[in-house]
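We did not get these values from a lab; they are worked out from the coordinates using the rules stated. Here the structure is a predicted model, which means the values were calculated and not measured. When we count neighbours, we look across all protein chains shown, and the Cβ atoms used for this are built from the backbone with ideal geometry, even at glycine.
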Amino acid sequence: MTAHTASALLASAPPRFPLLAGPTPVHELSRLRGALGGPSRCPRLWIKRDDLAGPALGGNKARKLEFVVADALAAGATHLITVGAVQSNHARMTAAAACMAGLGCTLVLTTSERNPGTRLEGNLLLDRLFGARIRLVAPGPDGSTENPHEAEAIREETESLRAAGERPYMVAIGASMPVGTLGYVMAMEELRGQLDAVGIAPARLYFGAGSRGTQAGVVLGTKLAGAGWMPHGIAVSPGDPAKTARAVGLANDAAALLGSPVRVTEDEIVTHQEFYGAGYALPTDAAREAIHLMARTEGILTDPVYTGKTLSGLLAHVRGGEIDPGTSVVFLHTGGAPAIFTEAGASALGVG
Ligand SMILES: *Cc1c(COP(=O)(O)O)cnc(C)c1O
């Protein structure tokens, strides 16, 4: 599959509602590399700044939502409904995107012991600023993947919106749905072009893996763009092997939307499971160290829930000598900084 074919496929992709101002920057992290032992120990490190993608403090969900919001508008929707944790970046960006598209927005957010939702901070504060209707629900029984409280709240909210004459559109958790997956297919073509321009052909691309829409788009997009890097997902929560199956399904549904015969298989999905600690949003020492190191060498913010854990995986692979220092590696920064501005975030950073 040539890069030319990738751009041709993307030219006939479904429409996008513009949320990004243009391509996000790519630059080298020389001071971080120096702190990791320099050229003899550490590969060249590059960063793709999707923390600067889209409105409202940015993040990876902006790329997915460009396609999802366009799909909602094409369906004649007047209102977006979505779900997430109470400090969901996806919920915050959906609320902002709804404002930009002139749509209403309802968020069904699951509280936790660490984030009971009673504190107006971080993403929840921004959700309110964007005027979203917010419905807080308790978590489901321990160990269950489906939360019955969430499902019930979605049903009720959908019915009451319909009764009020609205046409609600359900956005899947993380905007990880086939049409949203196209966001990272496009991003990989964008990244390949940017790296070609500076003559860099990285060996690896690191990114955080949660609801897996990013991973699906990254893996399919890497293939379609003919890029030579290996995508390395760092899991930020448990859930495999079901989540790998979800990534494969999303990638292949997205390929079908593009009219491409290319398919992704399970063995092409690499997700490292050693870096999320005790679970989603629960702090790890390694993430705290990674966040401080990135801040103090590069002046870049990463967060305790997603990008700090992802970076801790990349650092462990560098320090463990797993990556040839003669190569280049890209860190895909997916956003998430609002988590820093919460009580739980401050305590995870050891500054609270
Ligand atoms: C949602 C999110 C991710 C994970 O992306 P998925 O597509 O859900 O796997 C990574 N980083 C940040 C900051 C996020 O908000």
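Worth a mention:
- Cα shape, the chain, gyration tensor, a/c 1.5 rule: oblate
- In order along region 104-118, phi translates into HN-Hα couplings of x, 8, 10, 10, 9, 10, 8, 7, 8, 4, 6, 10, x, x, 8 Hz, rounded to whole numbers, per the Karplus curve 6.51 cos²θ - 1.76 cosθ + 1.60 with θ = phi - 60° and x for Gly and Pro.
- Distant-in-sequence amide H partners of residue 302 (H built 1.01 Å from N, under 5 Å): none
- Only the Cβ atoms of Lys and Arg (+1) and of Asp and Glu (-1) were treated as charged; on that basis the dipole of the chain about its Cα centre amounts to roughly 620 debye.
- For region 17-23, 3J(HN,Hα) per residue [Karplus equation, 6.51 cos²θ - 1.76 cosθ + 1.60, θ = phi - 60°, Hz, x = Gly/Pro]: 9, x, 10, 8, 7, x, x
- Using the Cα coordinates of region 15-117, the gyration tensor eigenvalues translate into equivalent-ellipsoid semi-axes of 34, 20, 9 Å, sorted from longest to shortest.
- Sequentially through region 265-277, phi angles give Karplus couplings (6.51, -1.76, 1.60; θ = phi - 60°) of 10, 4, 5, 8, 9, 10, 9, 7, 9, 8, 10, 8, x Hz, Gly and Pro residues having no value and appearing as x.
- Amide H contacts under 5 Å for residue 85: 110, restricted to partners 5 or more places along the chain or on a different chain, H placed in the peptide plane at 1.01 Å from N.
- Under a model in which nothing but the beta-carbon of Lys, Arg (+1) and Asp, Glu (-1) is charged, region 1-124 shows a dipole of about 460 debye around its Cα centre.
- The H on the amide N of residue 117, modeled in the peptide plane, is under 5 Å from the matching H of 112, each at least 5 residues off or on a different chain.
- Neighbour count of at most 15 Cβ within 10 Å plus DSSP loop: longest GluC sites (Glu not before Pro)-free window in the chain: 147-273
- Bridges between two residues of the chain, per DSSP, are antiparallel at a rate of about 10%.
- Of 70, 163, 175, the one that fluctuates the most in a GNM where the chain has Cα springs shorter than 10 Å: 163
- As a calculated quantity, the FRET efficiency between residue 12 and residue 170 at R0 = 30 Å, using C-beta atoms, amounts to about 0.70.
- GNM top mover of 90, 27, 79 - the chain, alpha-carbon springs below 10 Å: 27
- Cα pair distances exceeding 22 angstrom across region 264-340, given as percent: 26 percent
- Positive-end ranking of 120, 81, 69 along the dipole of region 1-132, with charges on Cβ about the Cα centre, is headed by 120.
- In a reduced charge model with +1 at each Lys and Arg Cβ and -1 at each Asp and Glu Cβ, region 217-271 shows a dipole moment near 100 debye about its Cα centre.
- Taking Lys and Arg as +1 and Asp and Glu as -1, the other residues whose beta-carbon sits under 12 Å from that of residue 135 total -3.
- Residue with peak Gaussian network fluctuation, the chain [Cα springs, cutoff 10 Å], from 51, 240, 303: 240
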